[in-house]
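The values are calculated or read from the model by the stated rules, or taken from the named source; none is laboratory data. The structure presented is a predicted model; accordingly, all values stated were derived computationally and were not measured. Heads up, the Cβs are rebuilt from the backbone with ideal geometry, glycines too, and the neighbour counts pull from every protein chain shown.
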DNA sequence: TCTGGGGTCCTAGGACCC
DNA sequence: TCTGGGGTCCTAGGACCC
């Protein structure tokens, strides 16, 4: 049996953890640049604020008079990431074969082959996470991941009856859950597929399952066929375990405003490239390709729009910030055009492979080892003091490109400080052990 | 006038996820 | 005024080869 643990309204729950005055209020967390709603409390959902809604359109959904009731917060992803690590480590210690699927979700295997025992174990797990981390979690379990997703939704929607845990442990429970699940709520069925299925008279998961497998395969693609099989209880992912190493690493931002200065966009590119390189090294990998893109403001019809990207292959795959920034700047020089306003840019690393596997040019070797030692030293300093303690000189422009964050929760700043202290001390302990 | 058949590899773009 | 960021997988179609 697959279990799925899913944190309830995760980012909002994190904010509430450090600012209990938010409890009971409609709260939304906004994406970078305070652009879109990326998390909503139950109260905010009940008011009709949709997921992904641009912040300036909230009033359209709830009415201007209610706007002041909604607490809007700028996202603090480092905080959410740290809390996520605590939950995942607790799950990792309690469960078998943990697969962290996203910042707020993880799959694992039910420990007993017995619904009553499993249910008891999972209820205790929900309580344990709430007691030690303070985040409410819902858990669903079922024969496949896709069904476990549906089960966790049921658990989340019905906290009173399920107390946070719901299992699809036999065929009749599965059949009745599929009846009540709209096709668009099935994991893997997005907007386009929903439209295509509606056109064929399929509105629920139960109707979808009735379709013959051969017809599904001929009408759609293999991914849809897998979803179809998973809903019928056939596990399609067992053969392909979740991959651990990334195949691409990306860092990009929408700028706080329209930027025309070459120097300023370039500073952002250097920052992104350096950030990607750090992540690459932390995963023990090297990249063979660097991609850079820039784009204007797609919503400004009064201005000429320009968007372009350039991809360069490295002579030898590398994880050195110096090398990757060098290539990123070359790519940037190919696509930057004076006279346009830029609203977004990003760097992506591709052709990622384990550092151990690279074939090195004999003449590169000495230089490569030198750069490796330099990068290790920089990473150690940045890990110990702050991620910004050392960075390349070219990133220090005016920072005009940095996104706006007008809604940082001030009342939570002091507690965040205490919280960071705890995390740092944990890291130190780990380090002392390894050193 | 009239242009095969079969295979591989790569890339761009679409669709999906949180 | 204002519209996120970071991923994965699949497919169609082009380029190339014999």
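Restricted to the stretch A:218-235, and to residues that are surrounded by 15 or more Cβ atoms within 10 Å (Cβ to Cβ) and in a helix (DSSP H, G or I), which residue is farthest from DNA strand B (Cβ to nearest atom)?
A:229
For the stretch A:310-323, state whether one or more residues are more than 15 Å from DNA strand C (Cβ to nearest atom), without any contact (Cβ under 8 Å) to a residue 24 or more places away in the chain and outside any loop (DSSP other than H, G, I, E, B).
yes
Considering only the stretch A:22-45, how many residues are more than 10 Å from DNA strand C (Cβ to nearest atom) and at pLDDT below 95?
Qualifying residue count, the stretch A:22-45: 0.
Of all residues in the stretch A:153-173, which are within 16 Å of DNA strand B (Cβ to nearest atom) and surrounded by fewer than 24 Cβ atoms within 10 Å (Cβ to Cβ)?
A:153, A:154, A:156, A:157
Does the stretch A:78-132 hold any residues that are in a helix (DSSP H, G or I), under 15 Å from the mean Cα position of the chain (by Cα) and in contact (Cβ under 8 Å) with a residue 12 or more places away in the chain, and which are they?
Those that are in a helix (DSSP H, G or I), under 15 Å from the mean Cα position of the chain (by Cα) and in contact (Cβ under 8 Å) with a residue 12 or more places away in the chain: A:79, A:80, A:81, A:82, A:83, A:84, A:88.
Per-residue answers, yes or no, for (1) surrounded by 19 or more Cβ atoms within 10 Å (Cβ to Cβ); (2) modelled with pLDDT of 95 or more; (3) within 15 Å of DNA strand B (Cβ to nearest atom):
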{"residue": "A:88", "(1), (2), (3)": "no, yes, yes"}
{"residue": "A:93", "(1), (2), (3)": "no, yes, no"}
{"residue": "A:96", "(1), (2), (3)": "no, no, no"}
{"residue": "A:106", "(1), (2), (3)": "yes, yes, yes"}
{"residue": "A:118", "(1), (2), (3)": "yes, yes, no"}
{"residue": "A:122", "(1), (2), (3)": "yes, yes, no"}
{"residue": "A:129", "(1), (2), (3)": "yes, yes, no"}
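Taking into account only those residues within the stretch A:165-193 that are over 23 Å from the mean Cα position of the chain (by Cα) and assigned to a loop (DSSP other than H, G, I, E, B), which is nearest to residue A:4 (Cα to Cα)?
A:168
Scanning the stretch A:247-282 for residues that are touching a strand residue (DSSP E or B) at 6+ places or on another chain (Cβ under 8 Å) and assigned to a loop (DSSP other than H, G, I, E, B), which turns out surrounded by the most Cβ atoms within 10 Å (Cβ to Cβ)?
The qualifying residue surrounded by the most Cβ atoms within 10 Å (Cβ to Cβ) is A:248.
May I ask you to list the residues in the stretch A:181-190 that are exposed (fewer than 15 other Cβ atoms within 10 Å of the Cβ) and either more than 8 Å from DNA strand B (Cβ to nearest atom) or farther than 20 Å from residue A:152 by Cβ (or both)?
Once the filter is applied, which keeps residues that are exposed (fewer than 15 other Cβ atoms within 10 Å of the Cβ) and either more than 8 Å from DNA strand B (Cβ to nearest atom) or farther than 20 Å from residue A:152 by Cβ (or both), the stretch A:181-190 yields A:182, A:185.
Among the numbered criteria (1) modelled with pLDDT under 95; (2) more than 8 Å from DNA strand C (Cβ to nearest atom), which single criterion is violated by residue A:233?
The failed condition is (1).
Would you confirm whether any residue within the stretch A:203-214 is more than 13 Å from DNA strand B (Cβ to nearest atom), under 31 Å from the mean Cα position of the chain (by Cα), outside the structural domain of residue A:152 (by TED's automatic domain parsing) and part of a loop (DSSP other than H, G, I, E, B)?
Yes.
Among (1) within 15 Å of DNA strand B (Cβ to nearest atom); (2) touching a strand residue (DSSP E or B) at 6+ places or on another chain (Cβ under 8 Å), there is one condition residue A:193 misses while meeting the rest; what is its number?
(2)
When the residues of the stretch A:43-77 are filtered to those that are under 16 Å from the mean Cα position of the chain (by Cα) and free of Cβ contacts under 8 Å to residues at least 40 places away in the same chain, which remaining residue is surrounded by the most Cβ atoms within 10 Å (Cβ to Cβ)?
Top of the filtered list is A:77.
Of everything in the stretch A:1-38, what is within 17 Å of the chain's Cα centre (by Cα) and part of a loop (DSSP other than H, G, I, E, B)? Give them in sequence order.
A:8, A:9, A:31, A:35
Out of all the residues in the stretch A:140-149, which are touching a strand residue (DSSP E or B) at 6+ places or on another chain (Cβ under 7 Å) and farther than 20 Å from residue A:113 by Cβ?
Of everything in the stretch A:140-149, just one residue is touching a strand residue (DSSP E or B) at 6+ places or on another chain (Cβ under 7 Å) and farther than 20 Å from residue A:113 by Cβ, namely A:149.
Only residues that are under 22 Å from residue A:87 (Cα atoms) and within 16 Å of DNA strand B (Cβ to nearest atom): list them for the stretch A:29-54, please.
Across the stretch A:29-54, the qualifying residues are A:29, A:38, A:39, A:40.
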